[in-house]
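These notes are about the structure you will find just below.
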Amino acid sequence: MKSFTVFKKLAGIAGIAGLVSLLAGAAFAVEEVAPGQPYSGDAASGENVVALWQFPPDGPALESSGKPFRLEIRGRDTRFTDEGRFGGALEITHEREPGREAGQGAMLAHQPELSPPGAFTLEMWIQPGDLFPAGPVSVLLDKKYLFGTDSRPGMNRDYLLMLRAAGREHRFYLEAELGFGDETESIRSEAISLDPGNWAHVAFTYNGAGECLFYLNGEKVGEKHLEGREGVHPGTRGLVIGDRAGSLFSRFVGKISEVRICSEAVAFVPLQSVALDLEHSRTAFYKKEEGAALEVEVKNRRTTPAAIGKLRVTGATGDREIPIGTLEGGETRTLKVPLDTSLKPGSYRLDLELLGERETLLSEQTSLDVKILPRPRPDELPVIMWGHARGRNVERLKELGFTHFIGLWQGAASPVPAFLNPREVQSVRDDIDKALSVGMRSVGRISIGHARKYVENHQREGRNGEGLKSLNTALPEVQETAKELGRFVGREFGDMPSLEGILVDTEVRDHTRPSFSPGDREAYRKATGAEIPSLGADSARGVHYRQIPGFPARRVVGEDHPVLQYYRWFWKEGDGWNPTHSETARGLREKGKFWIWHDPAVRAPSVYGSGGEVDFISQWTYSYPDPLKIELAGNDLLTMAQGSGSASPMNMTQVIWYRSQVAPIPRPGVPPLKNRAPWENEQPEARFVTISPDHLGESLWLKLTEPVKGIMYHGIGSLLMPEEKIEYRPGSYVATTPDTEKRFRQLIETVVIPLGPVIKALPEASRRVAYLQSFTSQMFAGRGTYGWGNGWGADAYLIARYAGLEPKIVYEETIHRDGLEGFNILFLMHCDVLTSPIVAQIQAFQDRGGMIIGDEFLCPAIQPDILLPAYRRKSVADEDKAALMQLARHLHDELHPFFEPRVVSSNPDVLLKQRGENGEYLFVVNDSRTYGDYVGAHRLVMEKGTPASARVTWRRNGSAVYNLSTSKMLNTAETPSGLAFDLDLGPGDGALLVALDKPIGKVLLSGPEKVHRGESGAFEIKVVDAAGGPIPRLLPLKVAIRDARGEEAEQSGAYKADNGVLKLQLDVASNDTAGDWEIVVTEGASGQISRATFQVN
Amino acid sequence: MRLTFAVLGALLIAGPLSAHPLPNAEEELRRQRLAILQGQASDEALEALRSAPSSVPPLIRRAAVRTIARKGKEAIPLLKDFALKDPDALTRRTAIRLLVPLLSESEKAPFLTAVYRDEDEQVRTAALEEAAAMTPRPEDAERLLKEGQHDPSTLVSQTALQALWTFNEEVQSARLRPEFRDHQLEVVASIPLAETQWRFQTDPREVGHLEDWMGEDLDDSDWHRIGIAKPWQDFGHQYSGVAWYRYRFELPQQPAGDAADLAFQAVDESAWVWLNGHFLGGHDIGPEGYNTPFATDTQARLKWGEENVLVVRVRKRSGAHAGIWKPVQIEILKKN
């Protein structure tokens, strides 16, 4: 439900009494009755009226048309009252005879007329009392007695109407029971809402031929056809109103008015003839959002045409009148009501009403609160919660610093392409709208690969035609469906600007398999002119060279080796996933302006193209046992993205840790560790654990060292401490430490927000060390980390980093495309098999002076300059790290003096990474860790960071170095090796430094003296050296804009100065506060502050 | 470093290089390495490196060997010297790698046998790899590989083993299947294998795999009866080397689950596993593997409701404790 308020105020008649009179008898019957009257005339005494009780004060027990159907009160809790719907009522309480022992209500002895032979209608007005319901069932009208079919004679006759609780507060089903002699049929409505104190009209109609309908206030709320049924079997029991006839009594607690039984199936129509519906409208908008409009539906709920003059909207965002005209019977017309979103952010109330041609009010006046939200900063580094949340958790995520969450989530049972029905679409739109109202933007997650039934129907085929339970995305019809899915999402959600991103096909490729259908074979033939080779195990991961007869002894193959050619085709396009992502993206772009991403994009071998034509690719990684794995994934992503030519990387850290990897549940019979953490006692069966705070911190810094356009996290439950006690389930994500949430907030506030604009724009620095991930070896020797960061192929990367190197992942395609120029070192780890052109390039590189670092698995055609023997982990975290560090020392010593890094850390735990076109930025990350008291007892992960210090030497003599994390200039010393300075880092901490040729002199702020409300002012911020020259760097700026009341204005926030300059177009809204405003700019390198005031009038 | 510089300076600086000033020793080393790689060092200088002291940086020696090898067959004597005598192991290894393609087929095996005596495992590994690469493989190369199987270094012995037979894939738990990698797999049922009624045969000649001892239909009725969960020595087999276990067992109907692992709590020290005639993988991580649990994906090879044949080849290099000395069970895994 939307958060708008409905005020009922009709035709100038104020108050409940007026409303009552207006709605009374408001045309429930087919023929309309004049408003303001209870049933009268034919509606009260016509030939089809079997009985009508209106409980008038002067004779409440009498039948209204004069029939001899006098009611008798039953029970001490039942009475007649004057306070009914139209004067009188029957009221039932449970003051004196509580429970189900004593029958209540009003009785009438058996009357044959009360058993209509064919069609009939039962209806009444009811007003639930404060203590309603008294039990699960509340009987309104009973002429049947027993519930359901009873085999005893005479028990399946006549009818019964009741309310049954629907499980949630104030929600009920209307139920009718009809006796057909041998059997009883039970019919139930949809769940309806009945609020204590509010009158509601309820009705049940039966047409004597199986057709049953329920109505609430004239609106149909349920129907059922009883196949082969005719009229009910007439009974001999009396009638009871407001309770059951006998046995376990089930009284209705409240008031009952105007009970009518007719011998026809009355066609009811809704109370109001025309209505406004805002259920489909957004309520949250960005400031200055283009085309912002409310979506108002005007419905003619009658069967005849209705003349409607206009829709009038009044409120702070501007008064409007929109002409409507005539609506045909049953017609719904959608009106777009433009909104003025130039106002300052805030909440604004709008009143809407439908007017007739002579300004008569035709509908309820409806009020709607709309919100105008600050515009997102274009420079901001998005922080995406890769997870779905609702209600309070959305607000908590926003408070923590997330900018996006998954507001649109596709489940495995979703049909495609229209994976949501209209009601579900509306529900998602509401969620996205609600999220925006608290400032949270959304992303969506869609795929044809998660729709179980669709996968079953479009499987890949094995060599013998058997289904492989893997979606065959190479099928043209599957790719077309993917596009259609994209179109569907674009159509249904493309107008919602806060649904910004769409994740396509997450985690689908783990199930990919070579497929051998005639279509697949033909596709391969068409692409290469060759037949699919015999592939042994037919795995997507290749064939081991030892299984290939006659494989070259020195493990050098041609680029056209049939197996290599097949797998290259398979992973780039042949398995169909990359083209499918592209098709989905194309479909999405037809109607939406989404940014589109795919993950985990490097859970694939090292060939370009993973993700297809999306805008971003991402990867998720676990930080255990060593957070450097997060950087490795980012490095890999960058290469994959650069290979695609159009995508940029993002990177995700798992907030969850698998329990088995950090603190395993003891095996049966093995006593738990004595020094286990408290959470292990509280959640002994937990399968997931929260990442430790220091790993979270270090992972963030390591993620940022590689160019990323956004960061993500997964595991809401593991991050947010429950606000109230929850029922714990072993498989769920439940936070095991409150410290991670606190650390997250601190990281967002101190790193992501202030430095995000600069970090997001910083280009990669040129690198002198390449690290080959060989597709050929992945396919022929089962190598590759597939984005997991496990095994020797990843550990050697860690060694390189501990040795002070800054490797760049390259693929064989990178070498084909760019050669190895510019690199001095090439790591060849797990490069068992290479192609002859790659070998030639590597040998030429080596002949030019390049150094090869290889392992014992290296293709024998290449002779390494340094051999790094593979290390097999012992799963003892400190010993493993020490062993990698030892190898790093060996590597460092061998390289000296043949390779001199541009920047050197005296402490291998203090990791360095240059960024910026000329390496003028430097990330510094503290990897010093030990066992803590969280999971450390298990010795699988050193989860606790420790402080670390290092002397850093940077080949940048004559520079000034600033720490952007502390906004301070560092004390540096000129040495023969470069500029040297000392750094101290806290546990899991990092810093971003910048080197300037000249120190920052001052921060200049200029702009107009006056800005009129509703207009803009152009301000300029310049960061200059002492001589007034601009600082040619990207620098963080904090801009605080305070209005005349001292409140922070919309465009306050984090910015970057580009080449020392920020131009800020400040929009002052027409309803902003007039007076003196202030801008305070804090420059993030030197910490200098500049202020200016201007007048708003 | 001074000594190195002096030695190299004397050896290498000739012609145009000598005209350059020498800003510092480190830069000079870099220049000299580059000069060697770019063919600017004289033959005499390269030859002199053969007897240069070990303080000459390895990266220079390795670069020199690669440069020398470019000369082709005339480099053979010099490369042999480097291969057999250089103080730096990787220089020796590099020389072996570059020399073997230059040798005649008849020269290769004797040379490789000679360098196999090297103290460094990487050098011995290279020798065995080169021997394994010979096609057709001469007897002395085969003999060298067989000798290599018993090398005290796991790296070396594995290299020989890989060359001599084809069962090289490592065991891999079903948990590592791509589709399960980001899921927690729970053990929802465990079926322990009996600790008695196994069959056992030693294989000192290491021919079992050639005679299909892993075969499903092999008649093992004349094999010794043995149990597991204790070393084979406890059953009276005082033996080190290769031995085979066979075990026939009935399984119940398939329980609900997503995959099944065959989980060994420990085998001393290396094991290769076949199920119903299909090779599942080997667990051969050297002596430290004696007490390391491992599990292998049964890859749908289990026959539920039928008889199954499990065969485990065990190799123990030396020691008084060997075999499947801890229990084995089938673990039914389910995604959560």
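A count restricted to segment A:476-532 and to residues that are aromatic (Phe, Trp, Tyr) and within 14 Å of chain B (Cβ to nearest Cβ) stands at 0. Within segment A:406-431, residues that are closer than 14 Å to residue A:445 by Cβ sit with their Cβ atoms under 8 Å from residues that are of a type in the set (Phe, Trp, Tyr) and in a helix (DSSP H, G or I), at 6+ positions apart or across chains, in these pairs: A:408/A:493; A:416/A:454; A:419/A:488; A:428/A:493.
Of all residues in segment A:772-826, those being hydroxyl-bearing (Ser, Thr, Tyr) and either outside any loop (DSSP other than H, G, I, E, B) or without any contact (Cβ under 8 Å) to a residue 60 or more places away in the chain (or both) number 6. Selection of segment B:241-257 for residues being more than 19 Å from residue B:326 (Cβ to Cβ), out of contact with any Asp or Glu (no Cβ under 6 Å at 6 or more places or on another chain) and surrounded by 17 or more Cβ atoms within 10 Å (Cβ to Cβ) yields only B:257. Within segment A:1008-1031, the set of residues being of a type in the set (D, E, K, R), surrounded by 13 or more Cβ atoms within 10 Å (Cβ to Cβ) and not in a strand (DSSP E or B) comprises A:1013, A:1015.
Could you run through segment A:832-849 and say how many residues are without any contact (Cβ under 8 Å) to a residue 60 or more places away in the chain, of a type in the set (A, V, I, L, M) and more than 13 Å from chain B (Cβ to nearest Cβ)?
Within segment A:832-849, the first condition is being without any contact (Cβ under 8 Å) to a residue 60 or more places away in the chain, and the residues that meet it are A:840-849.
Now restrict to residues that are of a type in the set (A, V, I, L, M): A:840, A:842, A:844.
This time we only want the ones that are more than 13 Å from chain B (Cβ to nearest Cβ), so: A:840.
Adding up the residues that qualify gives 1.
Pick out the one residue from B:98, B:78 that is within 14 Å of chain A (Cβ to nearest Cβ) and either loosely packed, with under 15 Cβ neighbours inside 10 Å or not hydroxyl-bearing (Ser, Thr, Tyr) (or both). Of the residues listed, the single one that is within 14 Å of chain A (Cβ to nearest Cβ) and either loosely packed, with under 15 Cβ neighbours inside 10 Å or not hydroxyl-bearing (Ser, Thr, Tyr) (or both) is B:98.
Going by what's in this entry, would residue A:189 be described as within 43 Å of the chain's Cα centre (by Cα) and either closer than 27 Å to residue A:44 by Cβ or outside any strand (DSSP E or B) (or both)? Yes, satisfied. Evaluation of residue A:974 against the conditions (1) surrounded by 17 or more Cβ atoms within 10 Å (Cβ to Cβ); (2) in a strand (DSSP E or B) shows that the sole unmet condition is (1). Of the candidates A:852, A:862, the single residue that is within 11 Å of chain B (Cβ to nearest Cβ), in a loop (DSSP other than H, G, I, E, B) and in contact (Cβ under 8 Å) with a residue 24 or more places away in the chain is A:862. Total residues in segment B:113-138 satisfying the condition of being buried (at least 21 other Cβ atoms within 10 Å of the Cβ), in a helix (DSSP H, G or I) and more than 13 Å from chain A (Cβ to nearest Cβ): the figure is 1. Scanning segment A:521-543 for residues that are outside any loop (DSSP other than H, G, I, E, B) and within 10 Å of residue A:570 (Cα to Cα) yields a count of 1.
For segment A:412-460, the set of residues classified as at pLDDT 90 or above, assigned to a loop (DSSP other than H, G, I, E, B) and in contact with a helix residue (DSSP H, G or I) (Cβ under 7 Å, 6 or more places away or on another chain) consists of A:420, A:438, A:439, A:440, A:448, A:449, A:458, listed by residue number. Check off (1) touching a helix residue (DSSP H, G or I) at 6+ places or on another chain (Cβ under 6 Å); (2) under 30 Å from residue A:762 (Cβ atoms) for residue A:687 and give me the number that stays unchecked. The single condition residue A:687 does not satisfy is (2). Considered as a group, the residues in segment A:869-890 that are out of contact with any helix residue (DSSP H, G or I) (no Cβ under 6 Å at 6 or more places or on another chain) and touching a residue at least 40 places away in the same chain (Cβ under 8 Å) include one that is nearest to the other protein chains (Cβ to nearest Cβ), and that residue is A:872. Scanning segment B:43-75 for residues that are of a type in the set (A, V, I, L, M, F, W, C), facing chain A (nearest Cβ under 10 Å) and either more than 19 Å from residue B:111 (Cα to Cα) or not in a helix (DSSP H, G or I) (or both) yields B:59, B:60, B:63. The conditions of being farther than 28 Å from residue B:139 by Cβ, surrounded by 20 or more Cβ atoms within 10 Å (Cβ to Cβ) and at pLDDT below 95 are met by residue B:57. Every test in (1) assigned to a strand (DSSP E or B); (2) touching a His at 6+ places or on another chain (Cβ under 9 Å) is passed by residue B:301 save one, and that test is (1). Restricting attention to segment A:674-715, the residues that are more than 14 Å from every other protein chain (Cβ to nearest Cβ), assigned to a loop (DSSP other than H, G, I, E, B), out of contact with any Ser or Thr (no Cβ under 6 Å at 6 or more places or on another chain) and under 15 Å from residue A:383 (Cα atoms) add up to 3. All conditions in (1) buried (at least 18 other Cβ atoms within 10 Å of the Cβ); (2) touching a helix residue (DSSP H, G or I) at 6+ places or on another chain (Cβ under 9 Å); (3) in contact (Cβ under 8 Å) with a residue 60 or more places away in the chain; (4) not in a helix (DSSP H, G or I) hold for residue B:151, with the sole exception of (3). The residue pairs whose first member lies in segment A:546-559 and is on the phi < 0 side of the Ramachandran plot and within 9 Å of another protein chain (Cβ to nearest Cβ), whose second member is outside any loop (DSSP other than H, G, I, E, B) and modelled with pLDDT under 85, and whose beta carbons are closer than 8 Å, counting only pairs six or more residues apart or on different chains, are A:546/B:162.
The values are calculated or read from the model by the stated rules, or taken from the named source; none is laboratory data. If you're wondering where the values come from, they're calculated on a predicted model, not measured in any experiment. Every residue, glycine as well, gets a Cβ built from its backbone with ideal geometry; the counts of neighbours run over all protein chains shown.
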